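What follows is a set of notes on a single structure, which appears directly below.
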Amino acid sequence: MKFPLSVLQISLREDPEENLSRVLSACERSPEGGVLLLPEMFFWNFDLEKLDTFARMTPAVLEELSRLSERKNLLLCGTLPEKTEEGVRNTAYLIDRGRLIGRRSKIKLFPLFGEDRFFVAGRENPVFETRFGRIGLLICFELRFTDLVLDLRRKRIDILLVPAQWGYARRNHLEVLSRARAVELQSYLLISNIWGELRGTEFAGRSAVYSPWGEILCFAERGDTLLTAEADLSYVREVRRTVPVDL
């Protein structure tokens, strides 16, 4: 089974409505009938003091994403602030052909940005059965945690989605970890990051799609861009037969 894998890389600005408009406009260039990954908190300037305000916007943003997903026959993923009884979570939403099919909240909150003071951590590391195979999610900082990766390997995912707001100072870590996780998991890995300066922090860009063999299928160091590569799930099975590393 072959299908397109797309990732959006974009610079964010202070105005969330402007960011959302730019993201939706860029997504119109995505090929139909595939997977599209957006960056972590892709419309928000990460002003944590206004977290509740942004969380109230999430239902309307999800409606926009659902319409886009249905119109272009996409499985679409991005993270948004989710209000819960326990507090606000950084939650990745999976939307397929206009329908919400799953969600996963960030478990490992990034202390350098104070996420642990404003967000409630998630608890589950689920895998989602989709028409594009078994999909797992790690959100930005979580790419560093081997226990989460090994859990997904045991669950034999076909695709790993990594929405991110990863800083430029740690750019080399992002490249090394992304490629290593693709090799460890023997799965396709999509990383969608922002780039440029936002609220005094420089972000790394370096969005990419990696193959189950660790090959770079597409890569963007900087700039607003939509990257696309072709996935073939039979190649996942071929790699696992060639180098069997089942736990």
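The values are calculated or read from the model by the stated rules, or taken from the named source; none is laboratory data. Because the structure is predicted, anything quoted here is derived from the model rather than measured. Don't worry about glycine lacking a Cβ; one is built from the backbone with ideal geometry, like all the others, and counts go over all protein chains shown.
Of all strands (runs of 3 or more DSSP E) completely enclosed by region 154-247, which ones contain at least 2 residues that are under 24 Å from residue 14 (Cα atoms) and under 16 Å from the mean Cα position of the chain (by Cα)?
159-163, 188-192, 201-204, 225-232
Conditions (1) over 24 Å from residue 194 (Cβ atoms); (2) part of a strand (DSSP E or B); (3) at pLDDT 95 or above, marked per residue:
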position: 49; (1), (2), (3): no, no, no
position: 54; (1), (2), (3): no, no, no
position: 71; (1), (2), (3): yes, no, yes
position: 121; (1), (2), (3): no, no, yes
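Okay, residues lined up against (1) buried (at least 24 other Cβ atoms within 10 Å of the Cβ); (2) of a type outside the set (Gly, Ala, Ser):
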| residue | (1), (2) |
| --- | --- |
| 159 | yes, yes |
| 163 | yes, yes |
| 180 | no, no |
| 183 | no, yes |
| 192 | yes, no |
| 201 | no, yes |
| 216 | no, yes |
| 220 | no, no |
Notebook entry, point to check: Within region 4-18, is there a residue that is among the hydroxyl-bearing types (Ser, Thr, Tyr), in a strand (DSSP E or B) and closer than 23 Å to residue 167 by Cβ?
Noted result: no
Margin query: Among the residues of region 127-137, are any in a helix (DSSP H, G or I), closer than 21 Å to residue 212 by Cα, in contact with a Leu (Cβ under 7 Å, 6 or more places away or on another chain) and of a type outside the set (Val, Ile, Thr)?
Written below: no
Notebook entry, point to check: Consider residue 45 against the criteria (1) modelled with pLDDT of 95 or more; (2) part of a loop (DSSP other than H, G, I, E, B); (3) surrounded by fewer than 18 Cβ atoms within 10 Å (Cβ to Cβ): it satisfies all of them except one. Which criterion is unmet?
Noted result: (1)
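Just the residues that are without any contact (Cβ under 8 Å) to a residue 60 or more places away in the chain and touching a helix residue (DSSP H, G or I) at 6+ places or on another chain (Cβ under 9 Å), please, taken from region 24-51.
Within region 24-51, 24, 28, 32, 33, 36, 43, 44, 49 meet the criteria.
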Note to self: Residues to consider are 68, 76; find the one that is in contact with a strand residue (DSSP E or B) (Cβ under 7 Å, 6 or more places away or on another chain) and either closer than 14 Å to residue 162 by Cα or buried (at least 21 other Cβ atoms within 10 Å of the Cβ) (or both).
What the structure shows: 76
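What are the residues in region 23-45 that are on the phi > 0 side of the Ramachandran plot and touching a Phe, Trp or Tyr at 6+ places or on another chain (Cβ under 7 Å), if any?
33
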